[in-house]
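Undergrad: Take a look at the following structure, please.
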Amino acid sequence: MIRLLTFCFLLLCSTLCGQNRIDSMLSIVNRNQNDSMHAKTLVNLGVAYERSDIKKTKHYLNESIALYERGVQGPWIRIAYVRMAGVYASMGIRDSAIYFFSEAKNYLDKHPNNKALSAYLAGWGIFNNNIGNYAEALLAYEKNEALGETVIGKENMAGNYLNMSNVYARLNQASKREEAIFKALAIFEEIKNEMGLSFCYNALGSIFYEQKDYTKAEHYYQKSLDIRIKRNDQRGIAVMYNNLANIAMDTDRFAHAIELQQASLKINEEQNLQEDIGKNYINLGKVYQKMNRLPEALNYFDRAEKIFATLGINRFDAFISAEKGRIYTQQAQRDESRKSLALQKLQESVAQAKVSGELSSELNAVTFLKEFYLQEKNYEEAYKTLIQQNALTDSLEGKEVKLRISQLESQYEVEQKENEIELLKAKQQLQETELARQHANQIIIAIALISVILISLILVNRYRVLNRTMRQLEIEKMRSDIARDLHDDLGSTLSSINIISQMGITQNNGQAEPHFQRINEQSSRMMESMSDIVWSINPENDTLEKLVVKMKEFAAEILEPKGFSLKFNSPENTATVQLTAERRKNLFLIFKEAINNAAKYSGGDTVTVNLHLENEALILHVADNGKGFEEAKVKPGNGLRNMESRAQQMNGTLKRKSLPNQGTSVELWAPIT
């Protein structure tokens, strides 16, 4: 009730504030002068209604274009064309949108203007992003960015970063997406642009929603909604209701989710925003599917499918097919006739996702397909889809996304704190200057001492905030690494063992032994991975001495059974050298990969390991006397890429050298701290 009253109050305030401006423009239009001022005012009226009444926007823009066609000239026409293209794009009328974009482009070719070109590129990018043409959208945004802030202004540059973040999200380029959002956020904070901030808050909410951090997601979505209510942004309000409804659905508040979706749908129907109506239908279908009201869920998915087919939008096809296939899978438990339909839809979904290039959609489809095969006890196909699922999961950055966004968020907060400190310093200096004119030297000295104390307290507090933030980031990273290792190594291996054992049980033709051999190999590998994880986080192993002992034990276990002799040289003062858990783990895994490669592929009989300290850095050199190879003819595999990635995490460098009949060597250089 309180929120509803707040909504009404903010809506009334925003309406009154904007009404005076609209009334003044209407008075100009009502004079009916049919001149350039009349036409330009019609365009401004259309822009003013863009976020609240799309029908009025279309009406006023149409009138301005009609005046231009009757001979009233002026550069305002380029804005009218771009805005009209946006109106038709939001209504799902793609041909008309393309027509007005082409008219705008033709005008700009005849009357070049970089600022006007920026508006065209922004609109063209949004249009292509919405229809799934991501390469063309990104190209438009990059051209816009290249025009520079002096041409397009701070506000438009920030908006361009936000638009780029939307494309990066669709292309699964998480780090670029987050970087673009925080660039936009910093600019909008600097120029105090509320509407821009609302878009940034929405983008941040979506990132946390994808990570299933619903508390933070709801916090940012609500901040965005409050601004949109204040600005009477009806389209934005509908978007935020839709996003908040998704959180309510995922937290099993189904009645609230339906209420919010229906409120969003009502606004979109009033505005005739066909694509957004289709999204509402998808989300309503998801709610009813989670409530196990499958016929109602299918009905909404069918309605969404028809709308997007009519609009010519195909980027939702894979998702809808996957959800319908999942429902048919559930129904197949009671109705055998649904099995073939379920399989058909799920396979369709995988194919559609591959075409679109959206890895998250493909992962969703493959996961549902695996569930179908498991339900049908088709373990061979289940195992194949499990491998696809693991590969797609590896491609999507997972836990690293959460760590990166936490780092960026903390960095942003620290920068804000530093700005506040600088502001306090500036104010203090002004006060000291003013007091110097009015008071005696004794008073000035006292105030200066107080100022030093205050600034010292602020700096101490900042130091504590930075330390606390760094500790939290280190703990979060360690937790993220452990969770990733447990999920990637152990979770994947356990799933494989489960499915392979089912295959072995179901084969009665005496061919089960290879399956059990694979179970033995994978369980041994899992035990080794668990041992490495436990060893790496044990604080008793923080010295280089303990690491050297483990390295020697591992090398002996691998090399001696294969007839290799091992020469291991290490410094004498290893007991005094402390290593963090992350550096210790990365150093050991690089060493482990180098020893395994020498044992498997070198064909030699001697491995030499030199580990020494030099200028606060560790240098590890592993060499064999094997057959070697020509590096130009060998494509680097996952092992080498993993070694290079771990070296980068240590702020170090990795070098590999090999020649035919002269052996292979790997050298790592990394700072100790």
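What follows draws every value from the coordinates through simple rules; no lab data is involved. Since the structure is predicted, the reported quantities are computational estimates derived from the model, not experimental observations. Note that we place each Cβ from the backbone using ideal geometry, even for glycine, and neighbour counts take in every protein chain shown.
Undergrad: In debye, nearest 20, what is the charge dipole magnitude of segment 137-219 about its Cα centre with +1 on Lys and Arg Cβ and -1 on Asp and Glu Cβ, if you could check?
TA: Working: 9 positive and 12 negative charges, 41 e Å.
Result for segment 137-219 is approximately 200 debye, rounded to the nearest 20.
Undergrad: Still on this model: How much space per residue, in cubic angstrom, does the convex hull of the C-alpha atoms of segment 54-157 take up?
TA: Working: hull volume 10.4 nm³, N = 104.
Dividing the Cα hull volume of segment 54-157 by its residue count gives 100 Å³.
Undergrad: Can you run phi through the Karplus equation (6.51, -1.76, 1.60; θ = phi - 60°) for segment 613-618 and list ³J(HN,Hα) in whole Hz, with x for Gly and Pro?
TA: Per-residue couplings from phi come out as 9, 8, 6, 6, 9, 9 Hz.
Undergrad: Could you tell me which of the pairs Lys633/Lys657; Lys562/Lys585; Lys143/Lys354 are separated by over 19 angstrom between their Cα atoms in the structure shown?
TA: In this structure, Lys562/Lys585; Lys143/Lys354 lie more than 19 Å apart at Cα.
Undergrad: What list of ³J(HN,Hα) couplings, whole Hz, do you get for segment 275-289 from phi and the Karplus terms 6.51, -1.76, 1.60, once you set θ to phi - 60° and write x for glycine and proline?
TA: Computed from phi, the couplings for segment 275-289 are 4, 5, 4, x, 5, 4, 4, 4, 5, 5, x, 5, 4, 5, 5 Hz.
Undergrad: Another question, if that's okay. Which whole-Hz ³J(HN,Hα) couplings does segment 380-390 yield from phi under the Karplus relation 6.51 cos²θ - 1.76 cosθ + 1.60, θ = phi - 60°, glycine and proline marked x?
TA: The phi angles translate into 4, 5, 4, 5, 4, 5, 4, 4, 4, 4, 5 Hz.
Undergrad: For segment 161-320: lysine pairs with Cα atoms under 19 Å, gap of 8 or more or different chains, count?
TA: Lysine pair count for segment 161-320: 13.
Undergrad: Can you put Val666, Val634 in order of Cβ neighbours within 10 angstrom, beginning with the fewest? Write down the numbers at each step before the final one.
TA: Details: Val666 23, Val634 10.
Placing the least packed residue first, the sequence is Val634, Val666.
Undergrad: Now, a different point. Report the local net charge at Ala332: Lys and Arg +1, Asp and Glu -1, summed over other residues whose C-beta lies under 12 Å from its C-beta. Write out the running numbers ahead of the final one.
TA: Values: positive: Arg326, Arg334, Arg338, Lys339, Lys345; negative: Asp335, Glu336, Glu371, Glu376.
Here the charged neighbours net out to +1.
Undergrad: For the ranges 546-552, 243-249, what's the packing order if you count other beta-carbon atoms within 10 Å of each residue, average per peptide, and put the highest first? Mind showing how you got there, number by number?
TA: On the way: 546-552: 18.1, 243-249: 22.7.
Taking the mean over residues of other Cβ atoms within 10 Å, the ranking is 243-249, 546-552.
Undergrad: How do the peptides 53-59, 136-142 rank, highest first, by the average count of neighbouring beta carbon atoms within 10 Å per residue? If you can, show how the numbers build up before the last one.
TA: Details: 53-59: 17.4, 136-142: 20.3.
Listed from highest to lowest mean packing, they are 136-142, 53-59.
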